[in-house]
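Below is one structure, written out as structure tokens; the observations come after it.
The values are calculated or read from the model by the stated rules, or taken from the named source; none is laboratory data. Remember, it's a predicted structure, so these values are computed and weren't measured experimentally. Note that we place each Cβ from the backbone using ideal geometry, even for glycine, and neighbour counts take in every protein chain shown. Protein only, heavy atoms only, side chains kept; ligands, DNA and RNA dropped before computing areas. Shrake-Rupley method; radii C 1.70, N 1.55, O 1.52, S 1.80 Å.
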Amino acid sequence: MPTPDRAADLPSDHGALPPWSVADLPAPPPFSLRNAFSVIGPGAIMAATSVGGGEWLVGPAAAVKYSSAIFLVATVAIVLQVLFNLEAIRYTLYTGEPIYGGILRLKPGARFWAAFYSLLGFFQLGWPALAGSAAATLLGAAMGRMPGAPEQAMQGWIASGLIVCVVLILSFGGTIERMLEQFAWTMLAVVFGFLVIVNLLFVPAAHWWQTFTGFFSLAGLPKPMDWALIGALAATAGSGGMGNLTVTNWLRDKGFGMGAMVGAIPSAVGGHAITLSHVGTVFPTTPANMARWRQWLLYVQVDQVWVWGMFCFVGMFLNVNLATAVIPHGTDLQGLAAGAYQAEYLSHVWKGFWFLTLFNGFWVLFKTQLGNTDVLVRTITDAVWMASPGARAASSIRTLYYGVLVTFSIWSAIVIQVASPFQLFKILANMAGVVLMIAGVQIFIVNRRFLPPAVRPPLWREAGLLLCAAFYAFFVFFVARDLIRGWF
């Protein structure tokens, strides 16, 4: 137990979960650029997950339909999501718990919020849209044309095979976070390397500037407005909802801040010695601990602003820049049409670009399916692990994680055979705005209620968090309005 002078600044209110343990904050390596590359990683996982359907499907579709002049929406979305992420991470650095731990401590209680976010996560990510799109892209790369109705069954089987590959990838590495991180850096290098090369080769310099200015100016929203498309753009320009929350789980597993005192979710192979506590650990705000706290915040800012935020912006920019350069303005792009159109255009220069463009698109979509799968499974696993003593008594965290993973994979293999990938993606994208709207307010409450004054955010950061919630409430309102009008 801490001595009274050290306990004075510890939170007395622990909400609906058991109180935290107390220990000193572990010291990070001295801050330097070299150490930053060894410490960071969750931002890369997040970027690999984020730069996917939004950039390859929704971004080009919106840009070609309305022009890049509306992309201030994407820039604002990325900035607000960076603030959202940083404030969710603040709770994790202090307690070692993912932000779900703070949310579960709120009324009406842990079981309610565990069920709520499990269902919300399922409605956003429980549809294997990107596995289906990745399968179609891979098949199109191999066939020399995009698959049609005769190839639908084959496309479904390829998608099922990709779902199995996701399970295998998530089964190795010691911790699941470590495997995702290694995979993420590789995929980011491949995808961005290709995008930079084709943009340099095929997009005039003047068009680069036109696209860039579109991300920082807004001449007015076009009419009529496809609110579902713009709402999807606003959500998927960043991580899109559940991914923004799950970055705190990856940071815990990486050992950021007090996460080093809590543990991680072990992989099926190589993770036998790793355990995970269901309750976090906090630190007294002594001068030594606060010095370490400021060092951790520097690493978090590099991870989120300069890795995640910049990859999101550059990924959206490069895809939109290429699409608006090669696809006629006003073209109605549905599903994989943007990627197919770009591949067709580039193949006129060299036939090999057909395969390379679609193969790059495959990796964009597959790596996002991999990340989204872990986001959903991890959300359900962590929520149940923290909220349910019965689940903790019945199984280990690893058994729970892989049980949910296998169940979700079976569901995905069935659904992908009967539904359109693009229609599934529209569900995924628009549910993300609902998550950001609700969770933004909850993170504000959690940090105000459970964090001592010394580690709370400044007022402008709190205002930015509430602005993020309001921004997505705006799009949720108009998307819901159009949906209701469509029904009646």
Quiz item: Any residue at all in the stretch 129-149 that is surrounded by fewer than 17 Cβ atoms within 10 Å (Cβ to Cβ), assigned to a helix (DSSP H, G or I) and modelled with pLDDT of 90 or more?
Solution: yes
Quiz item: Which one of these is at pLDDT 95 or above and under 30 Å from PHE475 (Cα atoms): LEU80, LEU93, LEU119?
Solution: LEU80
Exercise. Spot the failing condition for TYR94; the list is (1) of a type outside the set (A, V, I, L, M, F, W, C); (2) over 30 Å from MET154 (Cβ atoms); (3) out of contact with any strand residue (DSSP E or B) (no Cβ under 9 Å at 6 or more places or on another chain); (4) assigned to a helix (DSSP H, G or I), and only one is missed.
Key: (3)
Quiz prompt | Selection status of VAL446, of a type outside the set (S, T, N, Q), at pLDDT 95 or above and crowded, with 20+ Cβ neighbours inside 10 Å | solution = yes
Practice problem: State the number of residues belonging to the stretch 67-125 that are open to solvent by less than 10 Å² (accessible area, probe 1.4 Å) and of a type in the set (D, E, K, R). | Solution: 3
Quiz item: When the stretch 53-99 is examined, which residues are found to be closer than 21 Å to TRP227 by Cβ and among the hydroxyl-bearing types (Ser, Thr, Tyr)?
Solution: TYR66, SER67, SER68, THR75
Practice problem: Evaluate the stretch 239-258: report whether one residue or more is assigned to a loop (DSSP other than H, G, I, E, B) and over 26 Å from LYS65 (Cβ atoms). | Solution: yes
Self-check item: Pick from the stretch 276-292, criterion of a type outside the set (Gly, Ala, Ser) and within 25 Å of the chain's Cα centre (by Cα), ranking: most open to solvent (accessible area, probe 1.4 Å)
Solution: HIS278
Quiz item: Got a sec? Which of GLY309, GLY263 is crowded, with 20+ Cβ neighbours inside 10 Å and either modelled with pLDDT under 95 or of a type outside the set (Ser, Thr, Tyr) (or both)?
Solution: GLY309
Exercise. Looking for whichever is in a loop (DSSP other than H, G, I, E, B), among the small types (Gly, Ala, Ser) and either open to solvent by 30 Å² or more (accessible area, probe 1.4 Å) or in contact (Cβ under 8 Å) with a residue 40 or more places away in the chain (or both) here; the options are SER160, SER171. Which one fits?
Key: SER171
Quiz item: Given the conditions (1) under 21 Å from the mean Cα position of the chain (by Cα); (2) within 23 Å of PRO98 (Cα to Cα), which single one is not true for GLY174?
Solution: (1)
Self-check item: Residue that is most open to solvent (accessible area, probe 1.4 Å) [pool: residues in the stretch 185-238 that are of a type in the set (Ser, Thr, Tyr) and either free of Cβ contacts under 8 Å to residues at least 40 places away in the same chain or not in a loop (DSSP other than H, G, I, E, B) (or both)]
Solution: THR186
Self-check item: Conditions (1) polar (S, T, N, Q); (2) over 24 Å from ARG378 (Cα atoms); (3) in contact with a Gly (Cβ under 9 Å, 6 or more places away or on another chain): number failed by GLN81
Solution: (2)
Practice problem: Can you confirm whether the stretch 99-122 contains a residue that is part of a loop (DSSP other than H, G, I, E, B) and of a type in the set (A, V, I, L, M)? | Solution: yes
Exercise. Give me the pairs, please: first residue somewhere in the stretch 88-100 and on the phi > 0 side of the Ramachandran plot and in contact (Cβ under 8 Å) with a residue 24 or more places away in the chain, second residue anywhere and crowded, with 24+ Cβ neighbours inside 10 Å and assigned to a helix (DSSP H, G or I), beta-carbon distance under 9 Å, and either six or more positions apart or on two chains.
Key: GLY96/ARG252; GLY96/GLY257; GLY96/MET258; GLY96/GLY259
Quiz item: Is it the case that some residue within the stretch 468-482 is within 18 Å of the chain's Cα centre (by Cα) and closer than 30 Å to LEU276 by Cα?
Solution: no
Quiz item: Condition test on ALA8, is it over 22 Å from LEU125 (Cβ atoms), among the aliphatic types (A, V, I, L, M), open to solvent by 60 Å² or more (accessible area, probe 1.4 Å) and at pLDDT 95 or above?
Solution: no
Quiz item: Which condition number in (1) more than 30 Å from ARG398 (Cα to Cα); (2) of a type in the set (D, E, K, R); (3) touching an Asp or Glu at 6+ places or on another chain (Cβ under 8 Å) is the one that GLU177 fails?
Solution: (1)
Exercise. Report the residue count in the stretch 36-53 for those that are surrounded by 15 or more Cβ atoms within 10 Å (Cβ to Cβ) and assigned to a helix (DSSP H, G or I).
Key: 12
Quiz item: Does PHE172 satisfy the condition of being modelled with pLDDT under 85 and of a type in the set (Phe, Trp, Tyr)?
Solution: yes
Practice problem: Scan the stretch 449-473 and report the pairs whose first residue is closer than 15 Å to LEU93 by Cα and whose second residue is open to solvent by less than 10 Å² (accessible area, probe 1.4 Å) and part of a loop (DSSP other than H, G, I, E, B), with Cβ atoms within less than 7 Å and a gap of 6+ or a chain change. | Solution: PHE450/ARG105
